Amino acid sequence: MKKFFKSSLYVGLLATALVFTSCQKETYDVDDPQEGEAMSATSATAKLMERTVSNDGSYDNIVDGASCFDIRFPYTVKVNGLEITIDSKDDLRLIEEIFDAVEGDDDLLDIIFPITITMADYSEFTINGETELKELAEKCLEGGDDDDIECIDVVYPVTFFTLDINSVQTGSVVVESDMEMRRFFAGLGENDLISIQFPVAFVMYDGTEVTVNSNVELAAAIEQAKDLCDEDDDNDYNDDDFNEERLDNLLVKCPWLIRDVVRDNQIQTEQYFEYIMNFKEDGSVNVLDRAGNNITGAWSTYVSDYRVLLKLEFDVLVDFNLDWFVYEISEEKIKLFTTEGNRIIMENACDILNDDPNTLREILWECDWIIKKVKVEGDEIKRLLGFEFSFEAEGIVTLSKGEVMSEGSWEITTNEQGRLVMAIVMGDEPGVSFEWPLSDLRDDRLKFEIPGTGYELILERNCDNDEADGDVVWIRDLFVDSLWNVALLSVNSDPISQAYAYDDFEFKQDGTIVVTNANGTTIETGSWLVYRNSDGKLEMIIAFNAESNYYPLANDYMIVEVDENRLEMHHFNDADGMNILVLEKK
């Protein structure tokens with residue numbers, strides 16, 4: 001089937017050309033100045049052209065882990081339990097965003113089979129399972145040694161001439177794309193002769209154009225270009241394109257917080273969590289531990305095999321002493337790894353290390369702040385989800401939800417590391433009374449965390465209660481003063497819906513949830529809030545007290561699907577799994 005498909009396309013192209021050429025009964029000598037010299041279909045020059053126009057399958061390595069084929073759109077995958085449809089290359093960025101949203105690198109991706117894959121020669125096959133896909137992927141060569149040449153591209157159209165054994169032209173074919181050219185070559189026999197109409201233009205990886213006027217020039221252009229760039233054929237899909245200079249500038253621009261460390265298959269995150277690294281232009285690096293002690297070492301960068309590496313050298317921090325590949329780089333985060341599985345994840349600390357407390361004060365003053373998450377000594381206090389802080393300039397802070405309100409005091413200070421700290425004292429609400437070190441600062445999201453203690457606080461800005469957001473208002477209106485039932489509640493694929501099958505949930509205008517049993521008796525109350533989070537996603541927060549039988553429902557959920565009678569929501573839990581809640585209108 002595969003051979004017939006390719007040969008038939010070639011015959012179709014050739015037949016079309018012969019309609020216009022064979023009836024004229026004319027012959028063309030190969031010395032025609034518009035036509036290059038003859039070459040066989042198996043010549044080195046022809047093979048270089050064939051490799052240049054082969055299908056590049058490396059762009060979706062995040063999904064299939066193979067550079068010699070790609071998966072034809074559309075298809076469906078589950079990313080950390082969340083099902084998404086991939087319709088284009090742009091959708092692959094969503095997978096990376098979901099992976100990056102979870103700390104660490106324990107990411108899960110499952111392909112929904114069957115799928116159709118496209119090989120280097122543009123032939124297509126149906127794959128029915130993971131084992132079949134892995135067997136095919138293992139045949140690919142990784143590291144840039146696969147068949148295709150990506151650093152140079154053909155400018156179309158290109159005209160080929162077919163020749164007989166006497167180098168007399170028998171026909172011509174005009175190709176308009178890489179696929180047409182690759183299939184043209186695939187349809188040739190070992191002894192077939194062809195020539196190319198010159199000049200032929202190419203575009204290099206850096207955007208420059210090259211024009212060639214002979215077979216020799218053509219072969220030289222491809223040979224010289226094929227090793228000039230990183231084809232990014234490895235399976236580290238997340239190694240964003242950058243150069244050594246950009247990495248150097250980024251390292252010295254800001255301090256960096258250590259978020260994750262793995263060395264020699266041992267997780268060392270707890271030991272080094274939120275150490276601060278300051279890279280200096282003179283090649284020194286100063287590290288502040290959590291107590292503020294200073295450790296000095298050295299750093300340098302270099303390039304090897306088109307990859308940028310960061311070399312770290314310390315007398316004390318021996319777990320850092322390696323030449324690290326850089327496989328993700330952005331203004332907010334840098335990820336380092338080695339082929340043995342060692343890794344370091346660092347986050348930008350420019351905003352949280354600040355001598356001016358007004359930086360944080362002014363952000364807190366601007367708007368109210370919703371509690372998205374709060375943990376004390378490792379236990380999440382879900383009854384506080386959706387409560388709002390209001391920070392006043394006089395050092396007064398209120399925590400409220402509906403008619404419930406607490407009042408306390410707040411101030412911004414710095415700790416031994418020089419990190420900004422938000423200190424809250426609220427006598428009747430001990431769940432938030434603490435000195436909270438800032439670990440992530442954005443205009444619309446704040447994260448506070450105390451390493452090694454299980455204390456964590458995440459706040460989302462809420463300036464106008466999303467009254468101007470049509471989607472938020474519509475969903476709120478769907479729920480206000482209406483009854484809903486739990487159609488599905490699952491925790492890490494374990495359904496526990498039966499416990500709530502006979503209960504009605506009434507969502508009140510004031511943000512309360514009233515739960516009634518089959519007899520219409522009120523048996524529990526909770527709270528709810530719909531808003532758009534700092535990532536632009538719609539969320540619903542549901543909260544119940546820890547002693548409540550309905551506490552398993554409490555979470556900050558991402559709204560996945562909603563209509564007038566059904567709402568599906570997902571929550572990524574601390575066990576690297578997912579809670580799914582589906583509500584249906586009664």
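The values are calculated or read from the model by the stated rules, or taken from the named source; none is laboratory data. Quick caveat, the model's predicted, so the values are computed rather than measured. With ideal geometry, Cβ positions are generated from the backbone for all residues, glycine too; neighbour counts draw on all protein chains shown. Heads up: the accessible areas ignore ligands, DNA and RNA and are worked out on the full protein's heavy atoms, side chains in. Shrake-Rupley method; radii C 1.70, N 1.55, O 1.52, S 1.80 Å.
Descriptive notes on the structure:
- When residues of region 265-288 are limited to those that are part of a helix (DSSP H, G or I) and among the hydroxyl-bearing types (Ser, Thr, Tyr), the one least open to solvent (accessible area, probe 1.4 Å): Tyr272
- The single residue among Ile450, Ile496 that is more than 19 Å from Phe387 (Cα to Cα) and out of contact with any helix residue (DSSP H, G or I) (no Cβ under 9 Å at 6 or more places or on another chain) turns out to be Ile450.
- The lone criterion from (1) β-branched (Val, Ile, Thr); (2) modelled with pLDDT of 90 or more; (3) under 30 Å from Gly395 (Cα atoms) left unmet by Val316 is number (3).
- Of all residues in region 489-538, those that are out of contact with any Ser or Thr (no Cβ under 9 Å at 6 or more places or on another chain), within 21 Å of Ile458 (Cα to Cα), open to solvent by 10 Å² or more (accessible area, probe 1.4 Å) and in a strand (DSSP E or B) total 3.
- Scanning region 385-441 for residues that are closer than 30 Å to Cys254 by Cβ, open to solvent by 30 Å² or more (accessible area, probe 1.4 Å) and within 37 Å of the chain's Cα centre (by Cα) yields Glu411, Thr413, Thr414, Asn415, Glu416, Phe434, Glu435, Asp440.
- Here Met405 fits the description: touching a strand residue (DSSP E or B) at 6+ places or on another chain (Cβ under 9 Å) and over 29 Å from Asn286 (Cα atoms).
- Taken over region 239-259, the criterion of being in contact with an Asp or Glu (Cβ under 8 Å, 6 or more places away or on another chain), within 26 Å of Phe99 (Cα to Cα) and surrounded by 12 or more Cβ atoms within 10 Å (Cβ to Cβ) is satisfied by Asp239, Asp240, Leu250, Trp256, Leu257, Ile258, Arg259.
- The condition of being under 16 Å from Ser67 (Cα atoms) and among the aliphatic types (A, V, I, L, M) holds for only one of Ala221, Ala201, Ala120, that being Ala120.
- Residue in region 319-348 that is modelled with the lowest pLDDT, counting only those that are part of a loop (DSSP other than H, G, I, E, B) and closer than 15 Å to Asn243 by Cα: Ser330
- Cβ-Cβ under 6 Å pairs, at least 6 apart or on other chains, region 230-257 side at pLDDT below 85, far side buried (at least 18 other Cβ atoms within 10 Å of the Cβ) and hydrophobic (A, V, I, L, M, F, W, C): Tyr237/Ile62; Asp240/Ile329; Phe242/Ile329
- Long-range neighbours under 9 Å by Cβ, at least six apart or interchain, first residue farther than 18 Å from Asp574 by Cα and without any contact (Cβ under 8 Å) to a residue 60 or more places away in the chain within region 483-500, second among the polar types (S, T, N, Q) and surrounded by fewer than 15 Cβ atoms within 10 Å (Cβ to Cβ): Ala499/Asn549; Tyr500/Asn549
- Failed item in (1) touching a residue at least 60 places away in the same chain (Cβ under 8 Å); (2) under 20 Å from Arg343 (Cβ atoms); (3) open to solvent by 70 Å² or more (accessible area, probe 1.4 Å), with Val262 passing the rest: (3)
- Output for region 536-571, where each listed residue is within 26 Å of Asp444 (Cα to Cα) and without any contact (Cβ under 8 Å) to a residue 12 or more places away in the chain: Gly536, Glu561
- Ile196 being open to solvent by less than 20 Å² (accessible area, probe 1.4 Å), assigned to a strand (DSSP E or B) and either out of contact with any His (no Cβ under 8 Å at 6 or more places or on another chain) or among the acidic types (Asp, Glu) (or both): yes
- A search for C-beta distances below 6 Å between a residue of region 572-586 that is open to solvent by 40 Å² or more (accessible area, probe 1.4 Å) and any residue that is among the polar types (S, T, N, Q) and at pLDDT 85 or above, counting only pairs 6+ apart in sequence or on different chains, returns Glu584/Asn485; Lys585/Asn565; Lys586/Asn485.
- When the criteria are applied in full, Leu317 fails the requirement of being touching a Phe, Trp or Tyr at 6+ places or on another chain (Cβ under 9 Å), within 24 Å of Leu228 (Cα to Cα) and not hydroxyl-bearing (Ser, Thr, Tyr).
- Restricting attention to region 570-586, the residues that are of a type outside the set (Lys, Arg) and either in a loop (DSSP other than H, G, I, E, B) or under 11 Å from Leu82 (Cβ atoms) (or both) add up to 10.
- Close Cβ contacts (under 7 Å, 6 or more residues apart or on different chains) running from residues in region 162-177 that are more than 18 Å from Thr52 (Cβ to Cβ) to residues that are of a type in the set (Phe, Trp, Tyr) and open to solvent by 40 Å² or more (accessible area, probe 1.4 Å) comprise Gln169/Tyr28.
- Of all residues in region 110-127, those being charged (D, E, K, R) and part of a strand (DSSP E or B) number 2.
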